[in-house]
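*Asks:* Can you read through this structure? Questions will come right after.
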Amino acid sequence: MGKQLFGTDGIRGVAGEYPLDPATVYAFGLALGHDAVKAQSSPEILIGADTRESGTWIAEVVAGGLEQAGARVRYAGVITTPGVAYLTRTGPFLAGVMISASHNPYQDNGLKVFGHNGFKLPDAEEAIIEQEILRLRKAGVTPKPAPLQADGEWDREYLDFLASLSTMRLEGVKLAMDCGNGASYRLGPELFRRLGAEVTTLCTEPNGRNINLHCGALHLEGLQEAVLAAGADIGVAFDGDADRAIFVARSGKVVNGDAVL
C-alpha cells in the first residue's frame, strides 16, 4: 500500500490544514512515540525547527504526543536540518524531528524524522508510523501541547563540530552570506566569523513570515549584488532549513551544482 502522508521529505503541507492540522500533528507525535518505546524504554527524541511562525506550535503539539506515549523530548529551537541529523546521530537520541518545509513559503511546514543513524527512517518504518497516525486520527485524539524551552547546548555542540571540520583559517577572506531569514541566520555567520572570515550578511532577521521571501537559495539577485558591492571573494545562499547552499563567484556569476561538485 502506498503511503498517504509521508513523501520523500517527510510530511508537508499548509500549517494548520491536513495533514499539518493539530490533530494529525499530535497523532504523529503519539505514533512516533509508540514506535520509539517499542525499541527503547523512555527514549529521548530531539526536535528542531526553522524560523516559520508555525514552528513553535507544531513542535509543542508533537512534543505533547511524544510525551503522552512515554518518550522524553529535548528541544533545540531554531536549527538547521543537517544540525538535527548530526545531533540525533551523536547525541543520546533514538530519533530526531525537524520541523521545516525547506524552500517553501512560510505558510507551509513539514515533519521530517531521522533515526539514530542520522538518516531518514526506512520506508517500512515510516509506513508503520503512518498507519498508526491514521488509526489514531480515526479513533479521535485531542491535542495536548507540551510547553518547550529551547536548549542552546545543541546549537553550541553543532557549531563546534562544524568549526572542527575546517582544515584552514579564513583570515583575509571576504564572504557574502544570504541566510534567507531561515534556520542558518545565526549559525552561518557565527561559524565563518569564528574561522576568521569577514562576513557580510543578508536576510538574517526572521520574523516568522519572511523565510525564503525574495531571498535565499532560490533568489540570488540580492546576493549577486552584495558580492560585487562588498568586493567579496565568494557568496553563499542557503534555503530555509540550510540543507542546500548555492554559491556566487566574486564576478557575481552563479556557480552551478556541477561546478561545485
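Read the figures in this text as sums done on the coordinates, not as results from a lab. Being a predicted model, the structure only gives us computed values, none of them experimental. With ideal geometry, Cβ positions are generated from the backbone for all residues, glycine too; neighbour counts draw on all protein chains shown.
*Asks:* For segment 1-151, what class follows from the C-alpha gyration tensor (a ≥ b ≥ c being the square roots of its eigenvalues): rounded when a/c is under 1.5, otherwise prolate if a/b is larger than b/c, else oblate?
*Replies:* On the way: a/c = 1.20, a/b = 1.03, b/c = 1.16.
Judged from the Cα gyration tensor, segment 1-151 comes out rounded (a/c under 1.5).
*Asks:* Here's something else I'd like to know. Could you check the spin-label model distance between E225 and S164? Points 7 Å from the Cα along Cα→Cβ, value in nm.
*Replies:* 4.1 nm
*Asks:* Please sort 151-163, 123-135 by packing, taking for each peptide the average over its residues of neighbouring beta carbons within 10 angstrom, highest first.
*Replies:* On the way: 151-163: 15.2, 123-135: 16.7.
Peptide ranking by packing, descending: 123-135, 151-163.
*Asks:* Here is a further query. For every helix of n ≥ 4 consecutive DSSP H residues, a contribution of -39,500 (n - 2.57) applies; sum these over the chain, divide by its total residues, and give [θ] at 222 nm rounded to the nearest 500 deg cm²/dmol.
*Replies:* Details: 8 runs with 95 residues, N = 261.
Result for the chain: -11500 deg cm²/dmol, rounded to the nearest 500.
*Asks:* Going by alpha carbons, how many degrees (0 to 90, nearest 10) lie between the helix axis of 81-90 and the longest principal axis of the chain?
*Replies:* 60 degrees
*Asks:* Compute a Gaussian network model of the chain, connecting alpha carbons closer than 10 Å, and tell me which residue from D21, D108, D50 fluctuates the most.
*Replies:* Comparing D21, D108, D50 in the GNM, the peak value goes to D21.
*Asks:* Name the cysteines of the chain that stand alone by the Cβ rule: no other cysteine Cβ under 4.7 angstrom.
*Replies:* C179
*Asks:* If you don't mind, another one. Give the Kirkwood hydrodynamic radius (Å, one decimal) of segment 141-261, defined as one over the mean of 1/r across all pairs of different Cα atoms.
*Replies:* On the way: mean 1/r = 0.0652 Å⁻¹.
Across segment 141-261, the inverse of the average 1/r is 15.3 Å.
*Asks:* Determine the sum of side-chain charges near L187: Lys and Arg each +1, Asp and Glu each -1, restricted to other residues whose C-beta is under 13 angstrom from that of L187. Please report the intermediate quantities before stating the final value.
*Replies:* Numbers: positive: R156, R186, R193, R194; negative: D50, D155, E157, D160, E190, D241, D243.
That sum, taken over residues with Cβ under 13 Å, equals -3.
*Asks:* Right, another one. Separation between the L218 and K144 pseudo-spin-labels, each 7 Å from Cα along Cα→Cβ, expressed in nm?
*Replies:* Each label point is offset 7 Å from its Cα along the Cβ direction, giving 3.8 nm.
*Asks:* Give me the angle, in degrees from 0 to 90, between the Cα long axis of helix 123-139 and the longest principal axis of the Cα atoms of the chain, rounded to the nearest 10.
*Replies:* That works out to roughly 50 degrees.
*Asks:* Compute the orientation-averaged projected area for segment 59-148 from the convex hull of its Cα atoms and round it to one decimal in nm².
*Replies:* Details: hull surface 26.0 nm².
One quarter of the hull surface, i.e. the mean projection, equals 6.5 nm².
*Asks:* In the neighborhood of L5, defined by Cβ-to-Cβ distances under 9 Å, what is the net charge if each Lys or Arg adds +1 and each Asp or Glu adds -1?
*Replies:* Spelling it out: positives minus negatives among the neighbours equals -1.
*Asks:* Against the longest principal axis of the chain, how steep is helix 22-39, in degrees 0 to 90 to the nearest 10, with axes from Cα atoms?
*Replies:* Value to nearest ten degrees: 80.
*Asks:* Counting Lys +1, Arg +1, Asp -1, Glu -1, what net charge surrounds P22 among other residues with beta carbon under 14 Å of its beta carbon?
*Replies:* Working: positive: R137, K144; negative: E17, D21, E60.
Net charge around P22: -1.
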